[in-house]
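This report refers to the structure that appears directly beneath it.
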Amino acid sequence: GENVGLHLPTLSVQEGDNSIINCAYSNSASDYFIWYKQESGKGPQFIIDIRSNMDKRQGQRVTVLLNKTVKHLSLQIAATQPGDSAVYFCAENTIKTIFGAGTRLFVKA
Amino acid sequence: GAGVSQSPSNKVTEKGKDVELRCDPISGHTALYWYRQSLGQGLEFLIYFQGNSAPDKSGLPSDRFSAERTGGSVSTLTIQRTQQEDSAVYLCASSLRGDNSPLHFGNGTRLTVT
């Protein structure tokens, strides 16, 4: 199956700094992309999405960038807070949703 | 409103026994997914139901795994003759439709095979 046996990369940032989490997707036909946040013991939660006809979308403290040329997504979190510590997954969707490997974000106080 | 509900939240079983995991999706959601997540790892796609279409079973790791969705609502994932490598968190998610809509996840069933 996809992404089996992969240990999660980690990103450590200082509280108040901006975080950038990157993701490469595989299917050039994917037309809808989503970022999820997963806290310990819970299922992933929707953060923000973007459709392939856009290259940037902003939410509250979060921005997603899409570069279709190189099949790359990024999630930017402004003024990172301790509550942002979690695992972040990107996902791509054509007919079904497939998840990327995930990145564990640590926020240092 | 009610989110995706999974039961049981934890299940401990002996190797060789069969287990059934249940998922109650959000009412009105036509798409339902099962994923598996081993400790500290990513989400492994297992199976996908969309409306009345035949399910996409391409992620099921072996013929010991099966799933059904009755009446377009509740889904059951069955693992026969469990093995220790089946130990993981099994996550269910539903979405309003199969494409271009975000998934809503339950909190998963943690399965431990002893």
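Below, the figures for the structure above:
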read-out: Hey, B:SER53 modelled with pLDDT under 95, in a loop (DSSP other than H, G, I, E, B) and either open to solvent by less than 30 Å² (accessible area, probe 1.4 Å) or not hydrophobic (A, V, I, L, M, F, W, C) (or both) or not; value: yes
read-out: Residue tally, condition at the interface with another protein chain (Cβ under 7 Å from one of its Cβ atoms) and in contact (Cβ under 8 Å) with a residue 60 or more places away in the chain, over the range B:94-103; value: 2
read-out: Subset of the range A:14-30 that is assigned to a strand (DSSP E or B) and open to solvent by less than 60 Å² (accessible area, probe 1.4 Å) - its residue that is farthest from the other protein chains (Cβ to nearest Cβ); value: A:SER19
read-out: Residues of the range B:56-93 satisfying the condition of being within 14 Å of another protein chain (Cβ to nearest Cβ), in a loop (DSSP other than H, G, I, E, B) and hydrophobic (A, V, I, L, M, F, W, C); value: B:LEU60
read-out: Subset of the range A:90-104 (residues that are crowded, with 22+ Cβ neighbours inside 10 Å and over 25 Å from B:THR30 (Cα atoms)); value: A:GLY102
read-out: Hits in the range A:31-47 - residues which are surrounded by fewer than 19 Cβ atoms within 10 Å (Cβ to Cβ) and either more than 9 Å from chain B (Cβ to nearest Cβ) or part of a loop (DSSP other than H, G, I, E, B) (or both); value: A:ASP31, A:GLU39, A:SER40, A:GLY41, A:LYS42
read-out: Residues of the range B:1-46 satisfying the condition of being open to solvent by 30 Å² or more (accessible area, probe 1.4 Å), farther than 18 Å from B:THR82 by Cβ and either in contact with a Phe, Trp or Tyr (Cβ under 7 Å, 6 or more places away or on another chain) or charged (D, E, K, R) (or both); value: B:ASP24
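Let's see how each residue does on (1) away from chain B (no Cβ under 14 Å); (2) crowded, with 19+ Cβ neighbours inside 10 Å:
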site	(1), (2)
A:MET54	no, no
A:GLN60	yes, no
A:ALA78	yes, no
A:TYR88	no, yes
A:LYS108	yes, no
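The values are calculated or read from the model by the stated rules, or taken from the named source; none is laboratory data. Everything numeric here is computed off the predicted structure, so don't read it as measured data. Note that we place each Cβ from the backbone using ideal geometry, even for glycine, and neighbour counts take in every protein chain shown. The accessibility values were calculated without ligands, DNA or RNA, using every heavy atom of the protein model including side chains. Shrake-Rupley method; radii C 1.70, N 1.55, O 1.52, S 1.80 Å.
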